[in-house]
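Q: One structure, as structure tokens, below. Some questions next.
Read-outs throughout are calculated quantities, based only on the coordinates presented, and are distinct from any laboratory measurement. All values reported here derive from a predicted model rather than from experimental measurement. Note that each Cβ is placed from the backbone with ideal geometry, even for glycine, and that neighbours are counted across all protein chains shown.
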Amino acid sequence: MKYIFSFLIFATLIYACSSSNAENSASASASKKAEDGEKIYKTYCVTCHGIYGDMGSSGAFDLTISQLTLEERIKVISEGRNLMTPFKELLSEEKIKAVAEYIETLRTDK
Ligand code: HEC
């Protein structure tokens with residue numbers, strides 16, 4: 001009887017921990033993703049593209065008028081193009097995707 005009782009407590013604890021962990025990580029990654037793109041942009045991209053995407057330092061493309069699709073943007077960011085440096089060594093695939101999604105919001109000609 002004692003054994004069954006402690007087993008029940010143990011099982012309840014495991015259940016409580018695993019379900020709250022799952023919830024935490026799901027909501028953490030959802031909110032992280034939303035702000036990540038902007039944070040990454042402000043860390044790595046503003047030096048050339050500027051806070052609004054239209055600064056054009058070192059010949060950087062004006063992102064407010066960029067017509068590229070998400071896939072094309074991911075490619076330019078990962079592999080670089082002319083004076084733009086590649087970011088695949090610096091940023092994970094998820095981060096590149098997040099920043100590619102973020103720069104979509106800078107476009108003014110949608
Ligand atoms: C060293 C300066 C520099 C940095 C830093 C930089 N870029 Fe660029 N970017 C450029 C230049 C220059 C071009 C134009 C490339 C060309 O002429 O082929 C460009 C082009 C682009 C394009 C293509 C736009 C189009 O429509 O053709 C995208 C998208 C882009 N950058 C996104 C980013 C993102 C996102 C970051 C940060 C992760 C970033 N860039 C950081 C210089 C930079």
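Q: How high is the relative contact order of segment 32-104, in percent, counting Cα pairs under 8 Å that sit 6 or more residues apart?
A: Reported relative contact order: 34 percent.
Q: What nm distance separates the two modelled labels at residue 75 and residue 43, each placed 7 Å from Cα along Cα→Cβ?
A: So the label points at residue 75 and residue 43 sit 2.7 nm apart.
Q: Skipping prolines and chain starts, which residues have an amide H placed within reach, meaning under 5 Å, of the one on residue 84, given they are 5 or more residues away or on another chain?
A: Sorted by chain and number, the residues that satisfy this come to none at all.
Q: A follow-up question, please. According to a simple spin-label model (label point 7 Å from Cα along Cα-to-Cβ), what is the distance in nm between residue 92 and residue 108?
A: Label at residue 108, label at residue 92, 3.5 nm between them.
Q: Right, here's the next one. Would you kindly calculate the translational diffusion coefficient of segment 32-104, applying Stokes-Einstein with the Kirkwood radius from alpha carbon pairs, for 4 °C and a viscosity of 1.567 mPa s, and quote it in µm² s⁻¹ without decimals?
A: 108
Q: Just want the answer: with Cβ charges of +1 for Lys and Arg and -1 for Asp and Glu, which residue in 61, 74, 47 is farthest toward the dipole's positive end in segment 32-104?
A: My answer, from the dipole projection, is 47.
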